[in-house]
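The values are calculated or read from the model by the stated rules, or taken from the named source; none is laboratory data. Predicted, not measured: the structure shown is a model, and the values here were computed from it. So basically every Cβ, Gly included, is an ideal-geometry build from the backbone, and we count neighbours across all protein chains shown. What goes into the accessible areas is simple: the full protein's heavy atoms, side chains included, and nothing from ligands, DNA or RNA. Shrake-Rupley method; radii C 1.70, N 1.55, O 1.52, S 1.80 Å.
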Amino acid sequence: MKRILTVLLLNILSVGTFCLSCQAQEDNNGDNNHCICYKSVGGDNAWDNQANYTLNTNLEKGRKYTLTMKVKASAACDMAFWPIDTKSPNRNEWNNSTDVQYLDSKKITTNWATYTWNFTANYPIDRLDFEFGKLNGSLYIDDVKLSDDEYGVDVVQNGDLEAGNTDGWSSVTNYRGTTFSLVNSDGSSATPEPKAPEIPDTWEFAKQGDANFHIYLCFGQSNMEGNAAVEAIDKQNVPERFQMLPAVDFSSTKKKGVWCKAIPPLCRPGTGLTPVDYFGRTLVEKLPENIKVGVINVAVGGAKIELFMEEYKDAYIAGEAGWFQGYCAQYDNDPLGRLIEMGKIAQKSGTIKGILLHQGESNNGASDWCDKVAEVYKRICYKLGLNPEETPLLAGETLYQNQGGACSWHNQAALPKLKKAIPNSYVISAKDIPGNGKDAWHFSAEGYREFGKRYAEQMLKLLPEATGIEEVKNVEAGNKSTIYFNLQGQRVNKNELEKGKIYISNGKKVIK
């Protein structure tokens with residue numbers, strides 16, 4: 001008898017053609033317990049924002065099920081239910097599973113209501129996908145139950161969220177920077193906000209090394225890490241004046257924390273070509289021969305900006321896939337800490353002139369992205385004793401939609417606001433830079449070469465021309481030159497010159 005019951009239970013837990021019958025039952029009171037909140041930026045497509053729940057056991061093909069859940073939103077919206085067999089061998093052009101059941105969409109209101117779907121599984125469903133792509137705001141979910149119609153056993157293990165965590169829940173698409181967290185049913189946070197380190201508003205600037213050895217700190221996700229395969233041309237004619245400080249051990253001749261020629265890959269063993277390669281090469285080509293350029297590259301494919309924030313990184317890494325954890329482990333699970341560590345070594349022999357960033361696909365268009373980048377930037381400047389007025393941040397755009405990019409929304413929703421958060425920041429255009437033709441996020445090798453040159457061209461505009469001249473002249477009224485730099489090396493338009501201040505123009509010091 002025990003064996004028969006065991007078999008019955010196993011069949012019950014093998015859960016799954018959704019009959020399109022449903023109803024919404026008003027429940028304006030909600031409850032006083034936990035729920036999950038998804039925050040989203042409204043998109044054009046239903047799939048632009050998703051809430052996803054991964055089942056421990058697949059639904060059984062041909063078996064009937066009933067799904068009920070409580071939902072409300074910060075504004076009226078549509079929410080569709082598209083359960084999927086993610087492990088199906090049937091894939092579309094984006095390499096996503098085609099074994100999806102597209103069920104009816106519900107009208108979600110600002111009040112708690114219970115919604116019901118009755119269906120028969122067409123596939124061995126292993127994930128529940130809820131699509132609310134056009135919502136610009138918050139979606140709240142609670143009391144999710146999925147039961148086999150024959151036996152009535154609920155197979156959702158964290159549907160009521162009362163375990164005090166979000167286990168099983170995710171947002172597999174980051175087209176709009178969708179985030180989620182555990183909250184109380186009234187919307188207040190159910191978990192304390194991680195405590196951020198306290199950074200003073202001012203700090204002492206560090207004494208750095210050789211002013212003719214220009215150092216650049218580089219960080220981000222996979223496009224900064226380097227996704228395209230390194231080609232023979234990329235290893236040829238690398239100038240001696242272009243150096244790298246490895247952030248990890250590559251080999252016996254390419255050791256962590258020891259300067260060497262910047263022969264790709266620059267990030268970690270097994271990574272590819274990055275914009276940093278041709279950023280450095282372009283700089284040494286354009287700068288005087290007495291100037292060397294050094295780069296430090298710390299990046300992790302798929303990383304959100306939160307990976308570089310100490311209050312978020314530990315929980316973030318713990319919740320990610322094994323491959324991601326493996327990359328982070330090479331930086332002792334503290335990528336920003338490793339960047340700072342290498343930066344301090346670099347300052348003994350050179351001067352940090354700027355910071356390069358390429359990141360955003362995993363925070364695509366998120367409303368808080370600029371503020372978080374500004375916080376990371378401030379922490380870097382503080383920990384390395386850098387003057388923000390003399391340390392520009394160069395941030396690159398994501399792959400454009402007309403080049404096959406899936407995260408170009410970031411270029412419209414987030415990057416244009418970066419200047420307000422970080423006054424000394426500059427956005428590097430990715431317009432017309434080709435993708436790799438394989439996925440919707442990465443550039444081609446040709447694209448990385450061009451992108452690196454664009455980063456360099458912007459930096460060259462910010463570097464002061466070497467004067468070697470102590471003469472100070474007045475700015476003449478009829479002077480047609482529009483190229484001026486302040487003494488921090490930042491370019492200033494003529495109409496922005498301030499009376500009484502000294503600037504550099506055409507190799508000479510001038511005073512307004």
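For Ile433, work out the one condition from (1) over 25 Å from Leu462 (Cα atoms); (2) modelled with pLDDT of 95 or more it doesn't fulfil.
(1)
Given (1) open to solvent by 70 Å² or more (accessible area, probe 1.4 Å); (2) in contact with a strand residue (DSSP E or B) (Cβ under 7 Å, 6 or more places away or on another chain); (3) not aliphatic (A, V, I, L, M), where does Trp169 come up short, assuming only one miss?
Only one criterion in (1) open to solvent by 70 Å² or more (accessible area, probe 1.4 Å); (2) in contact with a strand residue (DSSP E or B) (Cβ under 7 Å, 6 or more places away or on another chain); (3) not aliphatic (A, V, I, L, M) is unmet by Trp169, namely (1).
Suppose the filter is of a type outside the set (Gly, Ala, Ser), surrounded by 21 or more Cβ atoms within 10 Å (Cβ to Cβ) and assigned to a loop (DSSP other than H, G, I, E, B); does Leu399 pass it?
Criteria met by Leu399.
Kindly evaluate Thr202 against the criterion of being at pLDDT below 85 and not hydrophobic (A, V, I, L, M, F, W, C).
no
Condition check: within 26 Å of the chain's Cα centre (by Cα), among the charged types (D, E, K, R), open to solvent by 20 Å² or more (accessible area, probe 1.4 Å) and under 21 Å from Gly62 (Cβ atoms). Does Lys87 satisfy that?
yes
Test each condition in (1) open to solvent by 40 Å² or more (accessible area, probe 1.4 Å); (2) closer than 20 Å to Asn49 by Cβ; (3) assigned to a loop (DSSP other than H, G, I, E, B) for Ser181 and report the one that comes out false.
So Ser181 meets the others, but not (3).
Just name the residue that is nearest to Asn387 (Cα to Cα) out of those in region 418-431 that are open to solvent by 40 Å² or more (accessible area, probe 1.4 Å) and over 16 Å from the mean Cα position of the chain (by Cα).
Here the answer is Pro423.
Return the residues of region 173-199 that are in contact with a helix residue (DSSP H, G or I) (Cβ under 6 Å, 6 or more places away or on another chain) and modelled with pLDDT under 80; say none if nothing qualifies.
The answer is Asn174, Tyr175, Arg176, Gly177.
Only one of Ala46, Ala73, Ala80, Ala51 is among the aliphatic types (A, V, I, L, M), touching a helix residue (DSSP H, G or I) at 6+ places or on another chain (Cβ under 9 Å) and at pLDDT 85 or above; which?
Ala80
Could you please find all residues in region 151-165 being open to solvent by less than 40 Å² (accessible area, probe 1.4 Å) and within 20 Å of Ala318 (Cβ to Cβ)?
Asn158, Leu161, Gly164
Which of the residues belonging to region 480-511 are at pLDDT below 65 and surrounded by 14 or more Cβ atoms within 10 Å (Cβ to Cβ)?
Passing the criteria: Gln488, Gly489.
Which one of Ile352, Ile317 is β-branched (Val, Ile, Thr), within 16 Å of the chain's Cα centre (by Cα) and farther than 25 Å from Gly405 by Cβ?
Going through Ile352, Ile317 in turn, just one is β-branched (Val, Ile, Thr), within 16 Å of the chain's Cα centre (by Cα) and farther than 25 Å from Gly405 by Cβ: Ile317.
Name, by its number, the condition in (1) more than 28 Å from the chain's Cα centre (by Cα); (2) over 30 Å from Ser138 (Cα atoms) that does not hold for Ile263.
Checking Ile263 against (1) more than 28 Å from the chain's Cα centre (by Cα); (2) over 30 Å from Ser138 (Cα atoms), the one that fails is (1).
Please indicate, with yes or no, whether at least one residue in region 457-464 is modelled with pLDDT of 95 or more, within 27 Å of Ala366 (Cβ to Cβ) and either open to solvent by 10 Å² or more (accessible area, probe 1.4 Å) or out of contact with any strand residue (DSSP E or B) (no Cβ under 7 Å at 6 or more places or on another chain) (or both).
yes
Sort out which residues of region 65-77 are surrounded by fewer than 18 Cβ atoms within 10 Å (Cβ to Cβ) and either of a type in the set (A, V, I, L, M) or farther than 22 Å from Asp160 by Cα (or both), and write them in order of number.
Passing the criteria: Ala75, Ala76.
Just the residues that are of a type in the set (D, E, K, R) and either in a loop (DSSP other than H, G, I, E, B) or under 16 Å from Cys218 (Cβ atoms) (or both), please, taken from region 279-307.
Matches in region 279-307: Arg281, Glu289, Lys304.
How many residues are assigned to a loop (DSSP other than H, G, I, E, B), under 27 Å from the mean Cα position of the chain (by Cα) and buried (at least 18 other Cβ atoms within 10 Å of the Cβ) if we restrict to region 194-247? Break it down stepwise before answering.
Of region 194-247, the ones assigned to a loop (DSSP other than H, G, I, E, B) are 194-209, 221, 226-227, 229-231, 236-241, 245-247.
Checking which are under 27 Å from the mean Cα position of the chain (by Cα) leaves us with 194-201, 221, 226-227, 229-231, 245-247.
With the extra rule that they be buried (at least 18 other Cβ atoms within 10 Å of the Cβ), the set shrinks to 221, 226-227, 230, 245-247.
Residues flagged as assigned to a loop (DSSP other than H, G, I, E, B), under 27 Å from the mean Cα position of the chain (by Cα) and buried (at least 18 other Cβ atoms within 10 Å of the Cβ) within region 194-247 amount to 7.
Are there strands (runs of 3 or more DSSP E) fully within region 49-111 with at least 2 residues that are more than 16 Å from Glu131 (Cβ to Cβ)? List them.
Output list reads 64-73.
Quick one: in region 24-43, of everything that is open to solvent by 70 Å² or more (accessible area, probe 1.4 Å) and more than 16 Å from Phe130 (Cα to Cα), which residue is modelled with the highest pLDDT?
Among them, the one singled out is Asn33.
If a residue has to be of a type outside the set (A, V, I, L, M, F, W, C) and crowded, with 22+ Cβ neighbours inside 10 Å to count, how many in region 279-300 make the cut? Step through it out loud before you land on a result.
As a first pass, look at region 279-300 and keep what is of a type outside the set (A, V, I, L, M, F, W, C): 280-282, 285-286, 288-290, 292, 294, 297.
Pick out the ones that are also crowded, with 22+ Cβ neighbours inside 10 Å and you get 280-281, 292, 294, 297.
Total meeting the criteria: 5.
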